[in-house]
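A short reminder: the numbers here are calculations on the coordinates, not readings from a lab. Predicted, not measured: the structure shown is a model, and the values here were computed from it. Here the Cβ positions follow ideal geometry from the backbone for every residue, glycine too, while neighbour counts run over all protein chains shown.
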């Protein structure tokens with residue numbers, strides 16, 4: 001089984017050298033006391049927890065999985081103990097509001113911790129991450145009485161959280177949901193219905209769970225305009241916020257899945273359960289998008305986390321596995337050369353490295369915007385962060401999960417036949433990561449969101465702001481000129497493509513739907529190119545200054561060169577497919593699909 005090792009040096013490179021988080025925090029309200037030494041201490045402690053407490057449970061969770069019996073779910077051995085240790089040591093409270101028991105650190109610190117936890121054990125960390133999403137949603141939309149009732153228990157780890165959207169008949173089309181809410185005389189609601197695909201929907205890690213449930217109040221308008229959001233505890237709370245009487249919430253079954261076996265994906269039934277309105281009636285989907293958008297960024301980290309885990313395993317194996325002779329031979333004293341010396345193995349390893357490390361750069365750049373959104377010193381700063389984050393979120397979620405899947409498949413391939421069997425651990429990574437392209441809206445939905453709601457809706461204005469940032473960086477001193485020129489050409493291509501879609505959508509009613517996925521991928525390749533250019537620039541500076549970490553910075557510089565020469569040109573293919581229009585998809589009659 002692969003043993004996870006937190007990539008501390010690479011995290012420090014992104015935190016300190018690319019983003020200068022310590023200076024960034026000085027520009028955030030309430031975060032002025034955080035310095036570089038505090039950042040490193042938190043990161044190092046989180047690394048130890050990920051490596052020692054969480055990673056060893058990954059294979060156990062996959063092999064033994066969650067068990068459902070008599071309406072109760074039990075998690076794999078060790079999961080509950082690790083959760084309790086995590087909560088008791090204050091990790092759940094890290095970036096949560098101080099008024100309800102949190103530590104008040106900026107959200108990006110939670111993202112740094114998630115970087116390691118998702119690589120170490122995706123299934124386990126989902127219990128943590130969903131609880132954080134519930135806290136954010138309740139904090140943003142709940143009235144003070146609800147905050148006081150539920151937030152301290154969530155932040156302390158006495159209860160966990162979920163989001164309950166999907167029903168068996170409607171999938172992502174939430175306007176069709178049937179779960180209903182009946183108002184009661186005390187202002188609460190009686191919730192009745194059934195939800196499916198509820199991650200972390202039931203377990204034995206805490207006595208209580210808070211479900212955030214989309215439902216329709218009786219008499220509400222049809223479609224998404226009549227959906228409200230409710231906080232529904234599994235058990236009602238006693239005065240001391242401990243778990244009290246049952247609340248008509250039950251787990252009807254758990255799914256038997258391709259991967260993430262250690263996380264219980266449940267059918268949750270609500271049988272006249274007491275719920276409390278979050279936000280405004282009939283505006284529930286808007287409130288739930290606080291949870292959804294936070295979860296999309298978390299899923300981007302899941303994709304990148306699997307790229308990192310697969311790369312670590314493949315690299316370790318490639319250095320040890322002897323097979324055939326390299327040209328020229330590298331280890332004549334051995335029977336054969338390590339496979340890391342073969343060109344195609346290096347192609348696979350460099351692809352994994354480019355996606356894992358580039359994805360980390362993109363994820364923490366998004367986290368920086370989340371900081372500004374919540375802690376920016378002015379309204380203009382917060383609004384600018386909101387616009388940029390709206391643009392970046394679907395790209396990060398879609399692109400990093402697609403490339404995470406590719407990296408995981410390459411990990412299996414590097415191992416060859418050994419990668420196809422359980423003992424190597426690589427096939428688990430390839431199964432676990434597959435859900436990330438589906439979670440929180442499939443990647444086609446992410447592409448439609450990006451193209452239709454984020455780019456076309458504002459005629460590309462925020463996208464132009466991003467273009468200006470990238471093009472401005474390309475003109476700075478000490479930026480590698482060949483890479484800067486290439487990236488500038490791809491930004492121009494992205495701009496021209498956007499204008500072409502804006503013009504042609506009126507002549508082709510299916511153009512946006514036919515182009516959305518490819519537009520997302522083209523955007524992702526160019527955006528990751530920007531981050532690799534930033535990394536290459538920093539590496540060149542350090543090498544020119546005579547850094548003692550020569551190999552580390554050579555690795556950054558050469559991976560950037562590989563990315564620009566081998567991976568960035570994939571954007572051209574996506575452009576060609578978009579420009580082909582929708583006719584090659586829509587012309588074939590439905591009946592002609594038959595064989």
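Hey, how many Å between the Cα centroid of the stretch 168-203 and the Cα centroid of the stretch 38-70?
31 Å
Going highest first, how would you order 399-408, 539-548 by mean Cβ packing within 10 Å?
Working: 399-408: 27.4, 539-548: 13.8.
Output ranking for 399-408, 539-548: 399-408, 539-548.
What ratio of Cα Rg to 2.2 N^0.38 Å holds for the stretch 410-457? Mind showing how you got there, number by number?
On the way: Rg = 16.3 Å, N = 48, 2.2 N^0.38 = 9.6 Å.
It is 1.70.
Taking 0.36 nm per intervening residue step and subtracting the Cα-Cα distance, what contour gain separates residue 224 from residue 336 on full extension?
Numbers: separation 112, 0.36 × 112 = 40.32 nm, distance 6.28 nm.
The span from residue 224 to residue 336 would gain 34.0 nm if fully extended.
What ranking do 463-473, 307-317 get when scored by the average of other Cβ atoms within 10 Å per residue, highest first? Show your work: numbers first, answer last.
On the way: 463-473: 15.4, 307-317: 25.8.
Ranking, from highest mean packing down: 307-317, 463-473.
Pick the calculated mean projected area of the Cα convex hull in nm² for this structure from [x] 29.6; [y] 26.6; [z] 35.5?
[x]
At 222 nm, what helix-only mean residue ellipticity would the chain give, in deg cm²/dmol to the nearest 500, using -39500 (n - 2.57) for each DSSP H run of four or more?
Working: 19 runs with 308 residues, N = 595.
After summing the helix terms and dividing by residue count, I get -17000 deg cm²/dmol.
So how far, in whole Å, is the C-alpha centre of the stretch 479-531 from the one of the stretch 307-346?
Result: 36 Å between the Cα centres.
What angle do you read, to the nearest 10 degrees and between 0 and 90, between the alpha-carbon axis of helix 343-375 and the longest principal axis of the chain?
Long axis of 343-375 versus the principal axis of the chain: about 50 degrees.
Find how many whole Å separate the alpha carbon centroid of the stretch 350-390 from the alpha carbon centroid of the stretch 274-295.
Taking the Cα centre of the stretch 350-390 as reference, the centre of the stretch 274-295 is 23 Å away.
Ranked highest first by the average count of other Cβ atoms within 10 Å around their residues, in what order do 212-221, 232-241 fall? Intermediate values should be presented prior to the final figure.
Numbers: 212-221: 19.6, 232-241: 16.3.
Ranked from most to least packed, the peptides come out as 212-221, 232-241.
I'd like the orientation of helix 550-562 relative to the chain: the angle between its Cα long axis and the longest Cα principal axis, in ° from 0 to 90, rounded to 10.
80 degrees
For the stretch 272-399, compute the orientation-averaged projected area of the C-alpha convex hull (one quarter of its surface), in nm². It would help to have the intermediate numbers written out before the result.
On the way: hull surface 52.9 nm².
Result: 13.2 nm².
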